[in-house]
Structures are given as structure tokens and as C-alpha cells.
Amino acid sequence: AVERALMRIVIVGHVDHGKSTLVGRLLNDSGSLPEGRVESIRAMSERRGMPFEWSFVMDALKAERDQGITIDSAQIWFKSARRDYVIIDAPGHKEFLKNMITGAAAAEAAVLVIDAAEGVREQSRRHGYLLHLLGLRQIAVVVNKMDLVGFDQARYDAVVAEYSAYLSGIGVTATHFVPVAAREGGNIVDRATDTMPWYDGPTVIGALDGFTPAPVLDDRALRLPVQDVYKFDERRIIAGRIESGRLAVGDTVMVSPSNKTVRVRSIEHWGRGTQPVVAGTGRSVGITFDDQIFIERGDVISHVDQPPVLTDVFRARLFWLGRTPLAVGSSYVMKLATRQVRVTVDRIEKVIDAGSLSGADDGTVPVQVERNAVAEVVLRSRGLLALDAFNQLPNTGRFVLIEDYDTVGGGIISMDGYPDQRDA
Ligand code: GDP
């Protein structure tokens, strides 16, 4: 059988604007739920004396997953005629940011939900900004709860106009808007020709089907951040996930930041099958080398001719979530791929309020970054770091900042103005 294509999506928007309701509807209306599932959830809410909500579907799937009842519900997914979709769970703002940045779960497309009656809120704008910052260019904007505004086209047009103006202000142009009634069901999978005959664009699932999958990074430079080093007898197995490129047995690779080179002896296989001789992007691998070299978690394996940038100072654009403002001289733990390292804020160059877009270019020199603002900063680490510019290699070009075990920010690296120090 041909394997169906899979696309990872994230659903964001202001609280109560209808994200969970939309998810319940997407699962149901696309026929992705097992027979009788919704009926049993309905019956259970009746027994508990609660009016049924479509959001209960997601709650039920999540509860099952947390108890580990079925493997199938480990992820929340639905299908269209075109492909399967996995919804990346992002219960809160921080989890969302963390999920988006910690690579493995990075979304390829987003659905951003706006309540037609309440209209565009701060959080709607911030989420849009964050999606853009993290490189997500495929966004379907759902204008939900159209029933609350009498399915009025003028109201829909006003929300579309306001939010498109915001998006174009941050450089997002290609976006779909869809008027939706998630609770009663309309324009999600099935067209709402009775209530919104004036709309002739795609449904939510149609808009998603129109998106293109993230480019496969197999042909890009190899980046294998080291996750663990295991000792077996006298052998050592280096484990990690290939974030870009392709690795083959016999390749001579370079380890950064130590600059050592070594030949790959084997790619171990986890599970069944024969030992692979080549492994591509997305694969978790264990490899052995011809020689014993010192290598540790956080190091980055590349090919010799296309190594990562090596530097202890770099420019970044970050989204700040900390309760206390980010200030020049403050230091945080930075997580970049598998590396954890302390960095200090060297300079704040620009601060932008992601909600209002104020401060974009007013010429003043900011001294600190308030919660929920975006800033361009220069960060410095004590030792040399192996990294990439986000626009070159996204998976090794984004990071989160941690303070007291708490995620306080996340961002992307731009090397502008800071040279590679590898050969310095
Ligand atoms: P979330 O916080 O964004 O996940 O929002 P929920 O999906 O939990 O929805 C919040 C509330 O809005 C719930 O009471 C839903 O029943 C209600 N709601 C969601 N979609 C619609 C809709 O299309 N029309 C109306 N009238 N209410 C809706």
C-alpha cells in the first residue's frame, strides 16, 4: 500500500474563540473518529448533566492518550481525501512556543481561529506574529462563530480586512480566510451553502489540502546533533536525530565545536531489518566511528565541507515570555538542538510589541524587553557554539531560553554582521 502523506498542523488563537470545538468538528466531519465515538461522549455528558460540547472529543482523546490506553490515540489526527493531518497539541502559549521550536514537532501549517463576534484580539495578533517569526508561512484563518453575527458577510469582511492588514504589516501575504460555524458545523468539511451562500472559497479542510508539505531537508547540509553517547562493550554508539541532510557509512564527518574529523563505521538499526548504509533527515540513528574520539551530548556532526557556523556571539530575533523583562547583562540557559549552554544578553537592538506592532522603527534604543514583545538581540556564550542561521537550516537555527526550569523565550538565529569564528 502507498503510504499516505502526513502534514503536521497547529491550531492557535485567543482563548474561547473555538479552537477545541473546531478540532472536534474536524475529527467528526472528516470521518476520522471510530464509529459510535461521538455518541458515547454525548451519552456520558448527558449522564453528567452537562450540555455536549465538541471540545469534549479532544478532551476524551487526550485523556486516553495520557492514560496510554491506545497507541492510535497517541496523536490527534484526522484525514482528508488528500492526506492525513496530525494536530500538534499546544494547550498554552508556552507549550506552543516550546513545541514549535523543539524541532521534532514543528508544524508545517497553522489554523488561526478568530471569533467573529469578538473580533481580532491581542492574542490573535501575537500568535500570527509568532507563526511568522518561526517561519510558518501557510496559515488558514478561521473566522469562527459566524452564527453569532447572523452569518453576516459584512462582519466577516471587516474581520478579514483588519487581520489581513495586521498580517501584511508583518510580511505575511499568502493566507486563506474561511467563515466558519464550528459549533453547528459549517465550512469545515462540508460547505455551508444554506447559511453562508455568499462565500465561495475553500472550506477549512480544502484550505489545508491546498498547502504544500514542508520541503524535505535531505539534500541540505548534514546536521546530526548528538543526543547521547552509549557505551557497549568497548564500542561507543552516538545517538541522535538527523535534523537535515543525509549520512552514509564511510562518510568522513566533522564534530563541532571540537573540529575533530572521523569516519563513520556503521549506522546501527533500532528494531527490525538490515543495517542501513544511509540515513536521511528525520531519522533517529545510532552510529559508530572508526576511531574513538571525545564526543558529548550537544556536539553537532556535519560533513567536513559544510559545517555549522562556530561562534560565541550571534544575533537573534526572539519572543519574550518571561515574567521579568529581559535586560542587557541578564543570562539564561539556551537550548539549541541538543545543546544547553548559558548565554548573556549583550545588546538589545530593537523591540517590537507583537500585538500593536508599535516600536517597530521609532529610533529609540530599548533597555529591556517586556513580556510578549519581540526583540532583536545580540547574545553571547562563554564557549564556541555550533549553530546555523534559521533561514539556512531551521532545525539548528532556533532555540529556547530557560530560566529556573521555565521557558521564558524562544527565537531564531540570524548571523547578520557576525562572522563565523571557525577559521579565526
Ligand atoms: P478554545 O478555548 O479556543 O478551545 O474554545 P472552545 O472550543 O472551548 O470554545 C469556547 C466556547 O465557544 C464554547 O462554549 C463553544 O461551545 C463556543 N463555540 C465554539 N464555536 C462556536 C460557534 O461556531 N458558534 C457559537 N455560537 N459558539 C461556539
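Since every read-out is calculated from the coordinates, none of them should be taken as a lab result. A quick note: this is a predicted structure, and the numbers were derived from the prediction, not measured. FYI the Cβ positions are ideal-geometry reconstructions off the backbone, even for glycines, and counts take in every protein chain you see.
The angle between the Cα long axis of helix 19-29 and the main principal axis of the chain comes to about 80°, on a 0 to 90 degree scale. Computed from the C-beta positions of Asp200 and Val365, the FRET efficiency with R₀ = 41 Å rounds to 0.25. Pairwise Cα distances in the chain exceed 33 Å in 42 percent of cases. Here Lys19 is the anchor, and the lysines within straight C-alpha reach of less than 23 Å, apart from those fewer than 8 places off in the same chain, are Lys62, Lys79, Lys94, Lys98, Lys145. Along the charge dipole of the chain, which of Ser258, Met50, Val142 sits closest to the positive end, that is, farthest toward it, with unit charges on the beta carbon of Lys, Arg, Asp and Glu (+1, +1, -1, -1)? Projecting each Cα onto the dipole axis, the largest value belongs to Ser258. By the rule of a C-alpha distance below 14 Å, with chain neighbours fewer than 8 residues away ignored, the aspartates and glutamates paired with Lys350 are Asp361, Asp362, Glu370, Glu376.
Amide H to amide H, with H built 1.01 Å from N, Arg183 comes under 5 Å of Lys145, counting only residues 5 or more places away or on other chains.
Neighbour counts of C-beta atoms inside 10 Å place Met7, Met50 in the sequence Met50, Met7, starting with the fewest. Peptides 365-374, 163-172 ranked from most to least packed give 365-374, 163-172, packing being the mean of other C-beta atoms within 10 angstrom over each peptide's residues. Note on the chain: GNM, Cα springs under 10 Å; of Leu326, Leu134, Leu61, the largest mean-square fluctuation is that of Leu61. Can you work out the base-10 log of I(q)/I(0) for the range 152-206 at q = 0.14 1/Å, using the Debye formula on its C-alpha atoms alone? For the requested q values the scattering log ratios are -0.40.
Extension gain for Asp233-Tyr405 works out to 58.4 nm (0.36 nm per residue, less the C-alpha to C-alpha distance).
Taking a straight line from the alpha carbon of Lys260, not one of the lysines sits under 17 Å away once near neighbours fewer than eight places off in the same chain are left out.
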